[in-house]
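One structure below.
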Amino acid sequence: MEKLRFEDWYDEFNRHAGDLYPGRYTREFVDELIAAGRKVRDLVPRKRSLVVAHNYQFPELQESAAQVGDSLGLSRYVAAQDSPRVDFCGVWFMGETAKTIVGDRAKVYMPDRPGCSLVESIDYAKIVHWKRRNPDGIVISYVNTDAGTKAVSDYICTSRNAAKVLDHAARRNPGKRILFLPDKFLGSVSIAQSSVADPTLIDLYDGCCHVHAKIGETALEEAFDRRPDAELLIHPECGCAAHCMSKVMQGNSPYQRAFFLSTEGMIRHAQASPAKEFIVGTELGMVYRLRREIPGKTFHPVSAEATCEYMKMNTLGKLLASLENDEIEVTVDPEIAGKAQLAIDRMLTIQ
Ligand code: 13P
Ligand code: SF4
């Protein structure tokens, strides 16, 4: 996607994100952003940095990044580049994953230290307990986990390849129990999408993301009522995921117009679909990316409250400070990184 010119930030941010972040893009604030954006643009080549931003980042960070994408896309992008520095605008586990991938080849910095409620829903003692009861069991962890959890996992998956990773792990380990963690909603959708022969062998960990868990069935029904011609793009972490999936599988109206997708999958689906209007069932930042990338179509957030305060801890001012002061650096204990590497490599290769 071609980046906006600084002169267009004010109009375009208000056009594509005025309703997402009411009152944010005043003339004065956009002028401050432009001043910071110009400094970032000048510093990036001097620092030999690669700036990447997750789809949930504020527009000004998306516009300042060399690449915008989902967890899997950004991991693959970072893996394929040879820049000695990465500035990762996302949440901490994403920075840790990038650092594990690049190893000593590059330093990884982040504008802040944002956590993630899904990561925080993990109780490590429960994993240890499950492993003790299932000594030959297989652990599949969603990428939204800390490096320590990744290190005790056999596979890492993202929302884009979770069903395929489940299929792969079940095929390679017939008869073994599988623990899928931490997101129970993503887990149940992925089981339904997979062709795992015996789903009773899969244990779902009881975790969830506070932003997506709040997106319930009522919000979907109301959105469909308001937009009778729209398709629904829904992230599998949503609280309504299991109900919605069963309706999708039964072909119930209006759920034949609902599609479970990772954030990057939403872009591809909306580009290819004949539909002109979409309801977006995930964090608000994704709506900006969709509107920017696919200008001929209309995108509505399913909920004005679907904002991740962790993702939004990153700001352009903090990115600039990080570039100027070489902080905040992400480090991962080499022993933990070594143990997590194989599971992350599987995530990068299973399509
Ligand atoms: P993606 O894997 O789609 O980037 O999602 C990451 C995330 O944090 C979702 O809330
Ligand atoms: Fe974590 Fe949820 Fe924020 Fe994604 S939206 S980073 S899962 S808290």
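Taking first residues from segment 262-287 that are buried (at least 24 other Cβ atoms within 10 Å of the Cβ) and modelled with pLDDT under 95 and partners that are of a type outside the set (A, V, I, L, M, F, W, C) and in a strand (DSSP E or B), the Cβ contacts under 9 Å between residues at least 6 apart in sequence or on separate chains come to Thr263/His54; Thr263/Gly69.
From the list Arg46, Arg85, the one residue that fits, being surrounded by fewer than 24 Cβ atoms within 10 Å (Cβ to Cβ), touching a residue at least 24 places away in the same chain (Cβ under 8 Å) and away from ligand 2 (no atom under 16 Å from the Cβ), is Arg85.
Screening Glu12, Glu60 for residues that are buried (at least 16 other Cβ atoms within 10 Å of the Cβ), in contact with a Gly (Cβ under 7 Å, 6 or more places away or on another chain) and not in a loop (DSSP other than H, G, I, E, B) leaves exactly one candidate, Glu60.
Between Asp225, Asp229, which is assigned to a loop (DSSP other than H, G, I, E, B) and closer than 27 Å to Arg292 by Cα? Of the residues listed, the single one that is assigned to a loop (DSSP other than H, G, I, E, B) and closer than 27 Å to Arg292 by Cα is Asp229. Within segment 88-128, track down each residue that is of a type in the set (S, T, N, Q) and more than 16 Å from ligand 2 (Cβ to nearest atom). The one that is of a type in the set (S, T, N, Q) and more than 16 Å from ligand 2 (Cβ to nearest atom): Thr100. Say whether the condition of being touching a His at 6+ places or on another chain (Cβ under 8 Å) and either among the hydrophobic types (A, V, I, L, M, F, W, C) or on the phi > 0 side of the Ramachandran plot (or both) is met by at least one residue in segment 182-204. Within segment 182-204, one or more residues are touching a His at 6+ places or on another chain (Cβ under 8 Å) and either among the hydrophobic types (A, V, I, L, M, F, W, C) or on the phi > 0 side of the Ramachandran plot (or both).
Listed by position, the helices (runs of 4 or more DSSP H) contained in segment 241-351 that have at least 2 residues being away from ligand 2 (no atom under 16 Å from the Cβ) and more than 22 Å from the chain's Cα centre (by Cα) are 241-250, 316-325, 334-349. Of the residues making up segment 143-163, those that are in contact (Cβ under 8 Å) with a residue 60 or more places away in the chain, more than 15 Å from ligand 2 (Cβ to nearest atom) and more than 22 Å from Asp333 (Cα to Cα) number 1. Being away from ligand 1 (no atom under 15 Å from the Cβ) and modelled with pLDDT under 95 narrows it down to one residue among Asp167, Asp146, Asp225, Asp198; which is it? Within the list Asp167, Asp146, Asp225, Asp198, the selection yields Asp225. The helices (runs of 4 or more DSSP H) falling completely within segment 64-142 that include 3 or more residues that are within 22 Å of the chain's Cα centre (by Cα) map to 71-80, 92-102, 117-120.
Tyr255 meets all of the listed conditions (1) within 15 Å of ligand 1 (Cβ to nearest atom); (2) at pLDDT below 90 but one, namely (1). Looking across segment 49-71, the residues that are away from ligand 2 (no atom under 16 Å from the Cβ) and charged (D, E, K, R) come down to Glu60, Glu63.
Restricting segment 128-151 to residues that are closer than 24 Å to Ser262 by Cβ and β-branched (Val, Ile, Thr), the residue that is surrounded by the most Cβ atoms within 10 Å (Cβ to Cβ) is Thr145. Evaluated against (1) small (Gly, Ala, Ser); (2) part of a helix (DSSP H, G or I); (3) within 16 Å of ligand 2 (Cβ to nearest atom), Gly37 falls short on exactly one condition, (3). When Phe180 is tested against (1) in a helix (DSSP H, G or I); (2) under 20 Å from His129 (Cα atoms), exactly one condition is not met: (1).
Looking at Gly18, Gly23, which is the one that is more than 24 Å from the chain's Cα centre (by Cα), over 22 Å from Ser117 (Cα atoms) and surrounded by fewer than 17 Cβ atoms within 10 Å (Cβ to Cβ)?
On inspection, the qualifying residue turns out to be Gly23.
Scanning segment 305-349 for residues that are in contact (Cβ under 8 Å) with a residue 40 or more places away in the chain, closer than 17 Å to Ala17 by Cβ and either among the acidic types (Asp, Glu) or surrounded by fewer than 19 Cβ atoms within 10 Å (Cβ to Cβ) (or both) yields a total of 4.
Against the conditions (1) buried (at least 24 other Cβ atoms within 10 Å of the Cβ); (2) in a helix (DSSP H, G or I); (3) modelled with pLDDT under 95, Ser159 satisfies every one except (2).
The values are calculated or read from the model by the stated rules, or taken from the named source; none is laboratory data. Please read all numbers here as calculations on a predicted model, not as lab measurements. We place every Cβ from the backbone using ideal geometry, glycine too, and count neighbours over all the protein chains shown.
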